[in-house]
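The values are calculated or read from the model by the stated rules, or taken from the named source; none is laboratory data. Everything numeric in this text was worked out from a predicted model, so none of it was measured. Using ideal geometry, Cβ is built from the backbone for each residue, glycine included, and neighbour counts are taken over all protein chains shown. To get the accessible areas, we keep the full protein, side chains included, count just its heavy atoms, and leave off ligands, DNA and RNA. Shrake-Rupley method; radii C 1.70, N 1.55, O 1.52, S 1.80 Å.
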Amino acid sequence: MAPFSKPETVLKQAEGLVSVGQTHAALQSLTEMFSSKRFRSTPLASLEPIMDRFVQLCVDMRKGRTAKEGLMQFKNIAQNTNVQSIETIITRFVQLADQKVTEAQAKAAVQVAVDVEDLEASETPESILLGAVSGDQSKDRTDRALVTPWLKFLWESYRTSLETLKNNARLEVIYQNIAQQAFKFCLKHQRKVEFRRLCETLRLHLANVAKYSHQPHSINLSDPDTLQHHLDTRFAQLNTSVELELWQEAFRSVEDVHNLLTMAKKAPRPAMMANYYEKLTRIFLMSGNALYHAAAWGRYHAVASPKSTEDAARLAGQVLVSALAVPVGLASAQEEPAKARLTALLGLTKSPTRASLLADALSRDALKRAPAAITQLYDVLEVTFDPLTLCSAVAPILKELAASTDYAPYIPLLQRALLSRLLSQLAQVYASVRIPFIMDLLSPLRELEGEEKQEKGVFEPEQVESYIMGCARRGELSVRVDHADGSLTFVDEAFSDVLEEIPPTPSTSSNAEAAVQQTVSELVRTRLGSVAQGLHNALTILEPTPVLTAEEQQEKFKALADAVKTERKALQLRRALVARRRELLSELTVRKEKEEAVRRADASRRDKEESERRAREDARKREMQRIIKIQEDMKAQDAERYKATLVEKGILKAGDTQSVATLDTEGLIGMQVAQLEKEKKELNERLRIVAKRVDHIERAYRKDERPLLALDYEQQQAADRTTAAAVVTARQEASRAAHQEDLATKKRMLRMIPEYQKHREVVLAKKGEEFAKKRDAAARKIEEEKNKRRKAALAQREAERLAAEEAKKKEQERIQEQERLEAERRAEEERIRAEAEAEAAAAEAAKREADEKAAAVRKARETERAEALEKARLQQQREEEAEARRLARSSEKAAPPARKPLALAPPSGVRAASSSAATNGDSAWRRPAAPTPVSSTPATPTRGGTMGSTPPRGESPSPAVGKYVPGALRGGAPSSGGGGWREREAARLAGGAAPPPARVVSTPPPAKEEPPKDDDGFQTVTAEKKGVWKPRRGRA
């Protein structure tokens, strides 16, 4: 493989080869570039010119396969980055092929290669032989030979483009455009075979959408735009197939369109559906299916919107006449699946009938807008019942319709419909008729056929009989034909169809509507129903339904309304359940289908992998066997060649080849090498002998010629002198003759000098004037150019100055703006700093004010606390004084030996003096204290009784109020014996048992409203409260 070159180099090389006529080499160089590994990394901007030139060469040389390979390679590179490049190259490729066809047609006298039925078929041996031996080179044949190859290449270019662009969402638009161009190609050149193949190709591509759905940029038919593109292409396919009169392909196209319409999430445009139904009418008309042809016209009438009154009248007439053209007793010849298929194509929920089509046409006022002839035909066939004059009444109408291009195609269908209508009416009136009687009734229509010169009339006896037999065979008409009697008997058996229920067909429904009297079978079948209806009517007359009052009717209505609501709710519930079951069933079906598809895909993948593995293994074995066989054959061939060489050189004799048959190639090569060495030695020896002989001969020659060299030299000198003298003489003669000739020429030319001078002066004057004019014009032009350049320079300088001033002005404005922004920034910073300082000062002032307020509050609290403490102290002092007075009064009421209570010193340092000294002072262990003035404040109440007069120690603190007081500190008379243990011991020793200590009843102080609290958290009880426990020793 050649080394990879730059794209520009390859393109230049190809252009150079094309310029010298080497187009094949140019195309080969471009193709080699595509096969290089570095081709994928080449930028698209460099590849587009190369691809353009590549497709030009492929088109010029008609290399379709090479073009396809190159386009595939280019698509793989550009589809992920630049789709527009692919569209450009593909469009260019198709345009070039189309131009070649146009040029070929312009050169030739034919426009279509009519003698070629299949553009893809290769030449047959017969055609090649005919072209070689035939001497007929007519102009038609030559012209077709020019056009046909380019038509083949254009068709191949369309197929190549579609194969390149298929199954890629990013290339979908250009794909659909190329497909529609291919349709136009088939329509223009009447290529029916190619059109069928094109349709199959498009169907195959659409079927492979699901197969390639996992690939990037795959086609998504759920996208409305993509589905619309496919619908447009399929409608173009449908239109082309109808134009080419390929009705089977048109029906397949209709199915394709219907499948795509079922996938659409939104309804298609009415114009598109009108085109769809219009094509269906033509397809059904060509197939002879009158029923579905009329149904297609009905659907077209439902979606079409006529532009004028004439169009509306023509459309109404076609709808009505197509419905009337359906035979009365027609039972569809298709099977149920085929009927369902056709019904689905028309978008109907059930199969159409003649009666439903007529009812639909009448509901859309088709009868009012239809032409008069169609209206008369409807009246004769559907309104009136006169079988004897039916044909004569219809014949003028059919003649009028046959003259119209719109209704002429319906004449055969109307004739069959008329025949079916006549037979059905005769079956209702007569039990049997003679065949000549029927022929007489049909004579007006037969005469009409004769006027129209139809080759095979519908109303000929053979055709009428064939039609009757067909109706009888299909069960549309119960009739028997008696050829011997020449009569037609309509069978009407009483119990023919009682045992089997025949489903209603279009014929039965139509006959029931048009019947003037019931048949015997209908009477038998409906007898019980008629009797039941009569009995019911009699009961209604004998026992009429009682009339309900307003209240009863209201209650009945309410009950019915409630029942309706209940039934409606139940129906809604059932519908919801059914819908849910359907959803679950559909989900289950989809899941099963997916699982089955996955299973099939896995099985097929495994089978494919296994088959591929076996194929690879078989291929590898075959390749190994082939290589071994080739090696053996090559060795045998080499051996045979060496043997032949040895025989030719005489190394071996012809009969000795069998003796060396066992030798291989190496042995034969060794034998040949040995023979060559031997021959080489013999050759060297012969050459040595010949060289020695030649040397001796040369020496003998030189020895003999040595005396003759001097004589030869003298002869050579004499010849040279003679030759030199002759040459000098000839040269002198030639120079002399030339000089004489020049003199004669000069003498002859001297006569022309005056004329020459005159002409020269005239020429110089004329050229001088022209030169002066040109010089002046040039000078003026130079001056103008100078002025222009000067003005331009001045304008440029002015513009530069203005630009500089503008730039300077902008710079100054920018600087001023920056200064302004800087000043605003500084001002903003100053403002923010001032605000921050103000906020800090305010915060400091607020903090200071809060501290001052807290200090004031604290000081006020301390003052209040001091005042409260002072009030508590004064209150306590007053309580102590009151207690002292109470104790004093209590001691006065006691016995004489009783002691006075001892007043304890208050917290302020004032001590209460005893009322009198202890009588038995020697027995007290405390030191006597100096008498102190008794404060007016009563002493603190104690739990002790009357104590002696021994005062407490001066340094001892007074017990707290409400706390335990020892017995020695309690007040009382010395004689009471209720002091300490010493008094009790002295009294026992002196006079017997000591008296028990007297109990001191302490009176509680008066109650206070708000007693103060001590610092230790205890509260003094100042008032006597009921239910408060007190110790027994402190009770009164």
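Numbers below:
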item	result
Residue that is nearest to residue 34 (Cα to Cα), among those in region 10-24 that are outside any helix (DSSP H, G or I) and open to solvent by 90 Å² or more (accessible area, probe 1.4 Å)	22
Subset of region 175-212 (residues that are outside any helix (DSSP H, G or I) and either modelled with pLDDT of 85 or more or open to solvent by 70 Å² or more (accessible area, probe 1.4 Å) (or both))	190, 210, 211
Those residues of region 363-373 which are within 46 Å of the chain's Cα centre (by Cα) and open to solvent by 60 Å² or more (accessible area, probe 1.4 Å), in sequence order	363, 364, 365
Pairs, first in contact (Cβ under 8 Å) with a residue 24 or more places away in the chain and farther than 15 Å from residue 471 by Cβ in region 403-424, second in a helix (DSSP H, G or I) and of a type in the set (D, E, K, R), C-beta under 9 Å, six or more apart	406/314; 407/400
Any pair with Cβ under 7 angstrom, 6 or more apart, that starts in region 25-48 at a residue that is within 11 Å of residue 74 (Cα to Cα) and ends at one that is at pLDDT below 70 and in a helix (DSSP H, G or I)	42/7; 47/7
First in region 225-238 and closer than 20 Å to residue 194 by Cβ and open to solvent by 10 Å² or more (accessible area, probe 1.4 Å), second anywhere and among the hydrophobic types (A, V, I, L, M, F, W, C) and modelled with pLDDT of 85 or more, Cβ under 7 Å, 6 or more apart	236/183
Selected residue (only one of 324, 315, 330, 320 is at pLDDT 80 or above, open to solvent by 10 Å² or more (accessible area, probe 1.4 Å), within 19 Å of residue 356 (Cα to Cα) and hydrophobic (A, V, I, L, M, F, W, C))	315
Subset of region 75-95 [at pLDDT 80 or above and open to solvent by less than 20 Å² (accessible area, probe 1.4 Å)]	85, 86, 89, 90, 93, 94
Pick from region 491-508, criterion outside any helix (DSSP H, G or I) and open to solvent by less than 70 Å² (accessible area, probe 1.4 Å), ranking: modelled with the highest pLDDT	491
Filtered residues of region 269-290 (kept if crowded, with 18+ Cβ neighbours inside 10 Å and not in a helix (DSSP H, G or I))	289
Count of residues meeting criterion [closer than 20 Å to residue 430 by Cα, open to solvent by 100 Å² or more (accessible area, probe 1.4 Å) and modelled with pLDDT of 70 or more] in region 509-548	0
All positions within region 612-653 that are open to solvent by 100 Å² or more (accessible area, probe 1.4 Å) and in a loop (DSSP other than H, G, I, E, B)	653
Hey, residue 249 on the phi < 0 side of the Ramachandran plot, assigned to a helix (DSSP H, G or I) and either touching a Pro at 6+ places or on another chain (Cβ under 6 Å) or touching a residue at least 60 places away in the same chain (Cβ under 8 Å) (or both) or not	no
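A quick yes/no check of all residues on (1) of a type in the set (Phe, Trp, Tyr); (2) assigned to a helix (DSSP H, G or I); (3) within 30 Å of residue 430 (Cβ to Cβ); (4) more than 57 Å from the chain's Cα centre (by Cα):
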position	(1), (2), (3), (4)
352	no, no, no, no
355	no, yes, yes, no
358	no, yes, yes, no
375	no, yes, yes, no
381	no, yes, yes, no
386	no, no, yes, yes
395	no, yes, yes, yes
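The rows are residues; the columns are (1) open to solvent by 100 Å² or more (accessible area, probe 1.4 Å); (2) among the charged types (D, E, K, R); (3) free of Cβ contacts under 8 Å to residues at least 60 places away in the same chain.
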position	(1), (2), (3)
754	no, no, yes
763	no, no, yes
766	yes, yes, yes
770	no, yes, yes
785	no, yes, yes
796	yes, no, yes
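Each row is one residue, and each column tells you yes or no for (1) of a type outside the set (Phe, Trp, Tyr); (2) modelled with pLDDT of 90 or more; (3) open to solvent by 80 Å² or more (accessible area, probe 1.4 Å).
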residue: 829; (1), (2), (3): yes, yes, yes
residue: 836; (1), (2), (3): yes, yes, no
residue: 878; (1), (2), (3): yes, yes, yes
residue: 898; (1), (2), (3): yes, no, no
residue: 902; (1), (2), (3): yes, no, no
